[in-house]
1. Being in contact (Cβ under 8 Å) with a residue 40 or more places away in the chain and either of a type in the set (Asp, Glu) or under 21 Å from B:Val213 (Cβ atoms) (or both) is the filter here; which residues of segment B:232-244 pass it?
2. Quickly run through segment B:8-38 and pick out the residues that are acidic (Asp, Glu) and either in a loop (DSSP other than H, G, I, E, B) or closer than 22 Å to B:Ile270 by Cα (or both).
3. Go through the residues of segment A:205-212 one by one and say whether even a single one is surrounded by fewer than 17 Cβ atoms within 10 Å (Cβ to Cβ) and among the hydroxyl-bearing types (Ser, Thr, Tyr).
4. Since B:Arg173 meets every condition but one in (1) away from every other protein chain (no Cβ under 14 Å); (2) touching a residue at least 12 places away in the same chain (Cβ under 8 Å), which condition does it not meet?
5. Mind listing whichever residues of segment B:12-32 are surrounded by fewer than 14 Cβ atoms within 10 Å (Cβ to Cβ) and charged (D, E, K, R)?
6. Condition first: touching a residue at least 60 places away in the same chain (Cβ under 8 Å) and within 14 Å of chain B (Cβ to nearest Cβ). Now tell me which residues in segment A:165-181 satisfy that.
7. Which of the residues belonging to segment B:224-243 are within 9 Å of chain A (Cβ to nearest Cβ), under 23 Å from B:Arg273 (Cβ atoms) and assigned to a strand (DSSP E or B)?
8. Quickly run through segment B:110-152 and pick out the residues that are on the phi < 0 side of the Ramachandran plot, away from chain A (no Cβ under 14 Å) and out of contact with any strand residue (DSSP E or B) (no Cβ under 8 Å at 6 or more places or on another chain).
Amino acid sequence: MSKPLVIAGKRKDGRKPQEYRAPSCAVGVTENAQGSSYVESLSTKVTCSVYGPKQTVDDPAEACDVKVNFTVATFAEAAYKRRHAQQPTSEDRNKAASLEEAFGYAVLCEKYPKSRIELNFLVLQRGVDDYAASVLAASLALMDAGIEMHDIVTAATASFTANGETLLDPTSRETRRAVATLTTTCLPNLGSILSVNQSGTSTSETTEEGIKLCCKTCTALRDVVATTLREAAEKNG
Amino acid sequence: MVRLDSSRVFSANEQEFTKAALEEGERLDGRSYTQFRRLTVKFGRKSGQCNIWLGKTQVIASIRCRVVEPTIYRPSDGFLEFGIQMSPMADPVFAAMRQRAPELDELRRLLERVFKASKAVDVESLCLVPGKKVWSIRVEVTVIDYDGNVTDACCIAALTSLLHFRRPEVTIRGSDITIHSETEREPVALNIQHVPVVVTFAIMPASSESSGVLITDPTLLESCVSTGELSIAVNTLAQICVVNKVGGTSVAPSDIQAAVNVAANKVDYIVGRITECIAEDAILRKKEGLAKFEWAKERQSVGEMEKLAKRIEAATEEKAQTAGPADTRTRRTRSLSPDDPDKATDMLKPEKKPKRAKVGLSSEAKLTLCVPDTKKTKEHATDAEEEVEEVEEIEEVEEIEEV
């Protein structure tokens, strides 16, 4: 049988089970877009650009519409995992729909009537936490574009092992061998959860513990986002 | 949560009323926040075909299985696929829904997570010959009537279908497989490790009067008024398989914990109902199977030989009694007893071989069946002189009838 994921309190990459590696972020990476960002987490590299608020001529509505284009580059993952290079898989369509929903709520849509905000994601390297990284990227890009939101939106992933440990920010190897994986998107300042996603079986105590842990991480990530934006603002004068 | 379109329009009045009632703790149909609507389960003729009613929402599920080649990347994994269709019967708006619509995608993904990712159905158990032949199981779920909570109804339908389905028995010799038909060998159930049930909550937004509320099994009106949805899949071992909250109003972590507890309580009720209905259906099927078996037996004259042999035996016994001492001339007049070693050869003789038993057509059978009076039979068989007497007898009979 293969080795356990946590030996003597340390994971394979030397982290503790509940230690997460803060992603490195940058904003203002694209010239044309109103707002853009680049997030590099443990195994994912994703860039997001925001165009909008753009005027919608054909469908004037009271509040703005948030549209998401989620594309994964052809070189983003190993060949055997891709099905059709051009066609998005149903998982990706799902992620796009989730991001649309999440940011459709987080953005103060009533402030932008009769308009549309477009979020374009390009995943350059796909890892297990591509959804969490995309959420961060979108938050940064929207703030870079100056679009008003309820709160900074952040997300974290955790995996539950068969031995009952909770691993924060898991690698793909850890997720494959885990019993369940949980992704939580939070509004850290408001202390509420925007979306929760669990696949795999676990007890309810484990899930609750996982959600709490993810919420704590989301609060820590909020600081990362804030720092990035502040530094970018200072650099631009 | 991608909201399903509906052509039903609820007036602002109705929506306000529903919201206000919920703030006071009342639901329009009198249920409590955590009560489900009535769950009815009916089965079709084939195994795996079922009809689910959750209140007025109706969903049909069916399963088909076949043997295919596995992918090269997963040579020992079978396939478990889900197909969802929203029939325009449920709502005319569904006629325009594309196959790749995000609503269908989300539902399909949820079903895959609930059954495949949680290992409720282990795809490795569907392997027959690694690298060459595996089972591919496809669950088709069709929504026929839409009154809210299609998520739960579809999941219950898929679950019932998977529990009810029987796949053909297979014998494997090396890399050759023989699939036995239903009539050859009894089909077997799928290997289901645990039984997950999805409970969906509609999130009612917090307002000035009350804090936000989570209600289970929302009707269409309630889901129109709600601003978010939370689905939790729990199995009978109280393990959480799926937590799915996508977009919509944000909730506090304590709300999610409360929802998890409620979902765990609901599972027993739902699984109980399903197993009850499956058990009832099993009894009906067994009865039907037995009836079919009896009919097939009759049709193929299994048991007819014994019946005919008995009739012949009875007739020859009577003959032997009336004929007097035993006739030693031929073996033919010897009575045909089942233990007689010569019986076999007797039976094989062309004259003795009973004809294919069509009811009423074999000559001797006719004699005993069509003619009510056995005395008359004997008289027929002996002298022709007695025909006169017969006529008289017949007249007598007629006289009796007149009286």
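The values are calculated or read from the model by the stated rules, or taken from the named source; none is laboratory data. Predicted model, so just to flag it, every value in this text is computed and none were measured. Positions of Cβ are backbone-derived with ideal geometry, glycine not excepted, and every protein chain shown enters the neighbour counts.
1. B:Asn244
2. Just the residues of segment B:8-38 that are acidic (Asp, Glu), to begin with: B:14, B:16, B:23-24, B:26, B:29.
Once the filter is applied, which keeps residues that are acidic (Asp, Glu) and either in a loop (DSSP other than H, G, I, E, B) or closer than 22 Å to B:Ile270 by Cα (or both), segment B:8-38 yields B:Glu24, B:Glu26, B:Asp29.
3. no
4. For B:Arg173, the failing item is (2).
5. B:Glu16, B:Glu24, B:Asp29
6. The initial filter retains those residues of segment A:165-181 that are touching a residue at least 60 places away in the same chain (Cβ under 8 Å), namely A:165-169, A:171-174, A:177-178.
Within segment A:165-181, A:Thr166, A:Arg177, A:Ala178 meet the criteria.
7. Taking segment B:224-243 and keeping what is within 9 Å of chain A (Cβ to nearest Cβ), we get B:227-228, B:230, B:232-235, B:237-243.
Imposing the further condition that a residue be under 23 Å from B:Arg273 (Cβ atoms) reduces the set to B:230, B:232-235, B:237-242.
Within segment B:224-243, B:Leu230, B:Ile232, B:Ala233, B:Val234, B:Asn235, B:Gln239, B:Ile240, B:Cys241, B:Val242 meet the criteria.
8. B:Glu124, B:Ser125, B:Pro130, B:Lys132
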